[in-house]
Amino acid sequence: MPQRVTDIIHENMSHCTPNALVPKIQAEFPNITAAQIYSTWIKLSEELWKRADNPLESAKQLLAELGDEVDIIHTKVADGVEQLCWVIKKIAGPLGKGTVEVALDATYRTNSAHLELYYVMAEHDNAGFPLSYCLLSTATSMEQRKRTKALCRWVRRLRDQWGINPDFVHIDKDMAEIGMVRKVWPQAKIQLCWWHLRRAVRERLAKAKLSTTPYNPIRARLEFSFIDVDFRPAGASDTQEYEGGFDYHQPTSVASGPGPNSILLRIPATQPGAAPTQSNDADDDFEETEVKRDFGPTELTLPNGRKVKIIPPIPRTSDNSDDDNDEETEDARRTFCPPEYRESIQKMMDNHLNAHPLIPGYAAPTPEGIREWAVRQMYEYCERNGLCETWAYLWENWYRPGRWELWARSTVDDIARLKTTMIMESHWRRIKKDFLHHFHKPRIDFLVWILTAKLAPSYYRRLDLIQRPVGRGYRNLSSWRRDFKREWKKCVGTEITYPLNPKYKPDVRCWVCTCPYFAKSRFLVCKHLVQMVEEVPITFFHEVTRNRTSPIWSHTSLKPKHDYEQIDPLSSPTFSTSSLPSSPTSSPILNSRDLPSAQSDDDDNGDDDSHIGKGTGSAFFLFFGHLE
Ligand SMILES: [Zn+2]
């Protein structure tokens, strides 16, 4: 390595990432590889981050030196558990108590000590800011439910010392993390990342394996009378197949209120056979380790107090199969979900996730009504196409009580700003790209230094820019605002076919539209609404605020065009639906004209082609009417 290269790296150490140095050095020394530059950089930077030979000890000392920037959370750890947590003061301080949405994620294989890195980010102005990190290793611990307990200790301190009490927690589908959130932030709405959800379903539907999550059709039927108990997989189930792991922390009742076709059931939280060990530890009411679960007999208490024993059907296995040969031959040909059905199922799930009482138009405007619509639509689709294994999987992992609330956004009054944990992915991508590109498993003290000394300052700058009034100096649009502006302009430039499809009822004052595009849109906009307002000035894109309730967007320049000002508010969907009785039992009497009809696919007929493409509309509005 020429001395000149070492000098360049040394000179730029404090203000340049190794990633940025590569082209600079290679312009002068084309034969030097990127890997060489990275390894020299890390070697020369050692004086900045290496405090001891033991990497964890070194990381602790480093964090202690950074007292102005970080607050180390001291947690009591069990034998064999290694845990190092810290809070980014300059972010948790200004954002802490006002944080409404957080995202939580973990990355593995980030360091040579094999500690998992967990982190919590706060949403602020639709962007993510790192609040706190936790490095955790439980590999050599014998403690029960060690991972969840350690995470609880960390997040509880974050809640109590920094006032972080979010309304929404965005997360992927790891049940240990979900259990922790339910424990520490019980009032928060857990929202599974839409992207992770889609991927999980897509991957499962693509597998041929027929045996799936154990399905209890009787319980499903007790909640929804249209479910036929005989429509169930004939073969053996797979007691290991649970998306995100087995959920030990199910709510004790299956419905938050009596739904249109439901009766209230109380299901014992502990299944016979699961038998979690009893303990007085505060963290002990959920389990983390995998145990086999069987389904019964289970006792249920009906609303009149009568107790009912449920003896579920015994799943047939290959050993005790009473199938005749014909059925076996047919089974051998069967596949879990043939390719032609997969896309429709994914689209229906998208629609079920997106439905919300604030966006009326394709389901009853209540959480209970939306759930019944979603379950019925998916069940009837599976039944019509003979997809009993797919139905069993979908019900037990996504549609049954305890799972539905994790991904459907209709279960709470507000609509979160975030829909994915993308802010987490991009945070991690930046570290990877800028610093760790050629180091798969760096030392832990190096990682801590990168996170606190190198990465955090870029977030301080961004936060400072956001909080600065727009008028004082020019600022670039943040990336979501750029995306929003692009989307807005696209909506302005897309032609609307008149007369408008009668099912589309844009309500510019409430900023909701019943067209298919609106509910799906990342920014909750559509061409109908955007073209109903006066042209917006450039400052609009800098200043506009996204609300979690109607109207979704607000800004002083957002004014309805003159033509729309006189629209009778009573003819708008928001007013007409909210004037309906909100009792779930009466939601099925919704005027069917307000809702898409069963066979309707005429949103395919041109008006929205530019928005959603051919074919997507029909799945969106597959509404198997139960309104007669
Ligand atoms: Zn619209």
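Quick check: anything in the range 69-89 assigned to a helix (DSSP H, G or I), surrounded by 16 or more Cβ atoms within 10 Å (Cβ to Cβ), in the same structural domain as residue 433 (by TED's automatic domain parsing) and of a type in the set (D, E, K, R)?
Of the residues in the range 69-89, the ones assigned to a helix (DSSP H, G or I) are 89.
Right, trim to surrounded by 16 or more Cβ atoms within 10 Å (Cβ to Cβ) and you get 89.
This time we only want the ones that are in the same structural domain as residue 433 (by TED's automatic domain parsing), so: 89.
Those still in the list that are of a type in the set (D, E, K, R) too: 89.
Yes, the conditions are met somewhere in the range 69-89.
For the range 128-154, give me the residue count where each residue is of a type in the set (Lys, Arg), modelled with pLDDT of 85 or more and in contact with a Ser or Thr (Cβ under 8 Å, 6 or more places away or on another chain).
Initial filter on the range 128-154 (of a type in the set (Lys, Arg)): 145-147, 149, 153.
Okay, now just the ones that are also modelled with pLDDT of 85 or more, so 149, 153.
When the remaining residues are screened for being in contact with a Ser or Thr (Cβ under 8 Å, 6 or more places away or on another chain), the result is 153.
So the answer is 1.
Any residue in the range 162-181 that is within 26 Å of residue 420 (Cβ to Cβ) and among the polar types (S, T, N, Q)?
Yes: the range 162-181 contains one or more residues that are within 26 Å of residue 420 (Cβ to Cβ) and among the polar types (S, T, N, Q).
Just name the residue that is farthest from the chain's Cα centre (by Cα) out of those in the range 489-518 that are in a helix (DSSP H, G or I) and within 11 Å of the ligand (Cβ to nearest atom). First the steps, then the outcome.
Let us first name the residues in the range 489-518 that are in a helix (DSSP H, G or I), namely 489-493, 516-518.
Subset that is within 11 Å of the ligand (Cβ to nearest atom): 491, 516-518.
Values: 491: 26, 516: 21, 517: 20, 518: 19 Å.
If we take residues in the range 489-518 being in a helix (DSSP H, G or I) and within 11 Å of the ligand (Cβ to nearest atom), then 491 is farthest from the chain's Cα centre (by Cα).
Checking residue 41 against (1) more than 29 Å from residue 20 (Cβ to Cβ); (2) in contact with a helix residue (DSSP H, G or I) (Cβ under 6 Å, 6 or more places away or on another chain): exactly one of these is not met. Which one?
Failing condition for residue 41: (1).
Looking at (1) closer than 14 Å to residue 360 by Cβ; (2) modelled with pLDDT under 85; (3) within 16 Å of the ligand (Cβ to nearest atom); (4) part of a loop (DSSP other than H, G, I, E, B), find the lone condition where residue 574 falls short.
(4)
Per-residue answers, yes or no, for (1) in the same structural domain as residue 451 (by TED's automatic domain parsing); (2) farther than 29 Å from residue 441 by Cα; (3) at pLDDT 95 or above; (4) buried (at least 21 other Cβ atoms within 10 Å of the Cβ):
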| position | (1), (2), (3), (4) |
| --- | --- |
| 114 | yes, no, no, no |
| 126 | yes, yes, no, no |
| 158 | yes, no, no, yes |
| 171 | yes, no, no, yes |
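What is the number of the single condition among (1) more than 21 Å from residue 353 (Cα to Cα); (2) buried (at least 19 other Cβ atoms within 10 Å of the Cβ) that residue 181 does not meet?
All conditions pass for residue 181, except number (1).
With the range 117-235 as the region, which helices (runs of 4 or more DSSP H) entirely inside it contain at least 1 residues that are among the aromatic types (Phe, Trp, Tyr)? Explain how you work it out, then say what you get.
Values: elements: 146-162, 175-184, 194-206, 217-223.
The helices (runs of 4 or more DSSP H) meeting that bar are 146-162, 194-206.
Kindly list the number of the only condition in (1) at pLDDT 90 or above; (2) surrounded by 20 or more Cβ atoms within 10 Å (Cβ to Cβ) that fails for residue 380.
Result: residue 380 passes all but (2).
Per-residue answers, yes or no, for (1) at pLDDT 90 or above; (2) buried (at least 20 other Cβ atoms within 10 Å of the Cβ); (3) not in a helix (DSSP H, G or I):
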| residue | (1), (2), (3) |
| --- | --- |
| 391 | yes, yes, no |
| 398 | yes, yes, no |
| 416 | yes, no, yes |
| 424 | no, yes, no |
| 436 | no, yes, yes |
| 464 | no, no, no |
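Residue by residue through the range 519-566, note down the ones that are out of contact with any Leu (no Cβ under 9 Å at 6 or more places or on another chain), part of a strand (DSSP E or B) and within 16 Å of the ligand (Cβ to nearest atom).
Answer for the range 519-566, where residues must be out of contact with any Leu (no Cβ under 9 Å at 6 or more places or on another chain), part of a strand (DSSP E or B) and within 16 Å of the ligand (Cβ to nearest atom): just 560.
The values are calculated or read from the model by the stated rules, or taken from the named source; none is laboratory data. Values in this document were obtained by computation on a predicted structure and should not be read as measured data. As a convention, Cβ positions derive from the backbone with ideal geometry for all residues, glycine included, and neighbour counts pool all protein chains shown.
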